[in-house]
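Data block below; observations after.
The values are calculated or read from the model by the stated rules, or taken from the named source; none is laboratory data. Please read these numbers as outputs of a predicted model, since none were measured by experiment. With ideal geometry, Cβ positions are generated from the backbone for all residues, glycine too; neighbour counts draw on all protein chains shown.
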Amino acid sequence: MKKTRKPRPLWTKLVFALMILVGVGFVVAGITLVFQMDSYVRSRKNAAVSSSIERVADELDAYIKAYYGIADDTGNHRIEHLRATISRELEQMPDAQVWIIDSQGYVVMAYPDFAGEFGDEGNTILPGVIRLPQEAMDLLEIEPRTQKQIEGDFYGLLKKGFHEEPNEKWDVVCTRVEVKTATKTVSYLVAFIVPLRVMTLASIPVGQMFGIAFIVMAIFCFVLSILIARPMTRQITGMRVAAQKISTGNYDVELPETSSDEVGELVKSFNQMVESLQNLETMRSQFVSNISHELRTPMTSILGFIEGILDGTIPEDQHEYYISIVRDEVRRLHKLTTELMELTKMESGSSGIAKTRTNISELCRHSLISLGPLFDEKGLEVEADLGDQELYAMCDADMIRRVLINIIHNAIKFTPSGGVVSIRITPVKNKVVVAVEDSGKGLSQEDIQHIWDRFYKADKARSQNAEGMGLGMSIAWNIIKEHGETIRAYNSEKGGAVFEFTLSKE
């Protein structure tokens, strides 16, 4: 049997995603910061090296002029100045070196790793020991006091034990000093040699600080993400558990609304859905109960009368009378099932209304005339204010007639003998408002809330002798909604009930 894998909690996924996002952001920001810092430090170091080599070149120029008697100074005095200047410039750059190379390519002076002193051209303390290779001789021809930068091991010269690190790389900046004497031109090359690691020393503490900041921020974001994700996912988990209860028929669930964000709105919508399901289940139960009651009573009567006729309990001379009762009950059942089918069609939106140009005043008049016998039977007075005799509306005439018949018949039922039923039509902008008012006891608050429900009867509140199946108002409500109009019920100032609906004017 395949083992079911336990799903990973959503909050862990959110925390994991947030940590990845923060980590990637920090790495990108760190690399950018270190790169920018490295570029900045390198540019500052290059500027410092350029200034330093210029000062060394100036001191070398003064020494040469003093040595050859061009300046009023002694060569020994100037050589000390040159060495002091080189030493001072190298204090700011650990492991850096300064080489002075004659016109033949020999290193005649190096500081600090080895030292020599100037003599005649080509006569050095270290003759032939260190000399530029042939491919580097072009450096001796560069323009005086211009600078040229070379990155690497300076044509292999720096691999000969000048530093403990065998794979060390350097930046070498060269400039040439040229002095013309009375008999010849004296030329020397100054090489300022700086290890590349010196250029990146400032980046190391920046990287360390970034690493510490990353750890601190990662911990902070981890805690914060848990504090945010757990409550959010707890609400979603609550909805999952509630949905499982609902699937078993338990609608007694309500989730706490603890936030006002999208998740909070989702929880609020979920609670509204549960409430709607509860109402729907209540309506379903009531519908089953009501339809059972409506069917059981006439069927019991029919069965009793037929059995009485068959077994001789009912005398033969009364058969016709009881058969007529059975006929009326069958008609009542037929009407009930027909109205239920129509109501179901309306609620599903498949009733298929056909709007036509209809004289609404004439339609109301015919409806009143068709119910004339009921008015006469209870001795009711009719007040009709039908307005313009040519007031037209766009509607399905047969369906609106059904609405009028149901509402007027309802008013007749709940109006006491000798009372008044009034109907009025009022044009309002692009609408026609039709209102039917009775002089009965009016509607209770419960009636107003449930008057449009299937099988709802306001018998107890308005009349003890009212008959009906409680479908008329529900049918009327659905017909008006099918037309895209509004219908409402309220009590008039006189105390009677008013049923009012709108239609679109032609």
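Does Arg176 fit the bill of being modelled with pLDDT of 75 or more, over 20 Å from Leu33 (Cβ atoms), among the basic types (Lys, Arg) and not assigned by TED's automatic domain parsing to the domain that holds Gly23? For Arg176, the condition - modelled with pLDDT of 75 or more, over 20 Å from Leu33 (Cβ atoms), among the basic types (Lys, Arg) and not assigned by TED's automatic domain parsing to the domain that holds Gly23 - is not met. Scanning region 241-283 for residues that are within 21 Å of the chain's Cα centre (by Cα), exposed (fewer than 12 other Cβ atoms within 10 Å of the Cβ) and among the small types (Gly, Ala, Ser) gives Ser260, Ser269.
The residue of region 319-339 that is surrounded by the most Cβ atoms within 10 Å (Cβ to Cβ), among those that are closer than 15 Å to Ile291 by Cα and hydroxyl-bearing (Ser, Thr, Tyr), is Thr337.
Residues are listed down the side, and each one gets a yes or a no for (1) part of a helix (DSSP H, G or I); (2) modelled with pLDDT of 75 or more; (3) in contact with an Asp or Glu (Cβ under 7 Å, 6 or more places away or on another chain):
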position: Thr4; (1), (2), (3): no, no, no
position: Lys13; (1), (2), (3): yes, no, no
position: Leu18; (1), (2), (3): yes, no, no
position: Ala29; (1), (2), (3): yes, yes, no
position: Phe35; (1), (2), (3): yes, yes, no
position: Lys45; (1), (2), (3): yes, yes, no
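Taken over region 312-365, residues that are closer than 27 Å to Lys505 by Cβ and at pLDDT 85 or above amount to 11.
When Ala110 is tested against the conditions (1) within 25 Å of Tyr67 (Cβ to Cβ); (2) of a type in the set (Gly, Ala, Ser); (3) at pLDDT below 80, the lone failure is (3).
Residues that are within 51 Å of the chain's Cα centre (by Cα) and touching a residue at least 40 places away in the same chain (Cβ under 8 Å) are absent from region 413-421 altogether. Restricting attention to region 128-172 and to residues that are among the hydrophobic types (A, V, I, L, M, F, W, C) and at pLDDT 85 or above, the residue that is surrounded by the most Cβ atoms within 10 Å (Cβ to Cβ) turns out to be Val172. Restricting attention to region 98-107, does a residue exist that is among the acidic types (Asp, Glu), modelled with pLDDT of 85 or more and touching a helix residue (DSSP H, G or I) at 6+ places or on another chain (Cβ under 6 Å)? No, region 98-107 contains no residue that is among the acidic types (Asp, Glu), modelled with pLDDT of 85 or more and touching a helix residue (DSSP H, G or I) at 6+ places or on another chain (Cβ under 6 Å). Counted as qualifying within region 355-450 are the helices (runs of 4 or more DSSP H) with 1 or more residues that are of a type in the set (Ser, Thr, Tyr) and surrounded by fewer than 17 Cβ atoms within 10 Å (Cβ to Cβ), namely 360-370.
One line per residue, one yes/no per condition, for (1) within 23 Å of Glu151 (Cα to Cα); (2) assigned to a strand (DSSP E or B); (3) of a type outside the set (Lys, Arg):
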| site | (1), (2), (3) |
| --- | --- |
| Ser52 | yes, no, yes |
| Arg55 | yes, no, no |
| Asp58 | no, no, yes |
| Tyr63 | no, no, yes |
| Glu80 | no, no, yes |
| Gln92 | yes, no, yes |
| Ala110 | yes, yes, yes |
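Restricting region 26-54 to residues that are among the polar types (S, T, N, Q) and without any contact (Cβ under 8 Å) to a residue 24 or more places away in the chain leaves a set whose member that is nearest to Thr175 (Cα to Cα) is Ser51.
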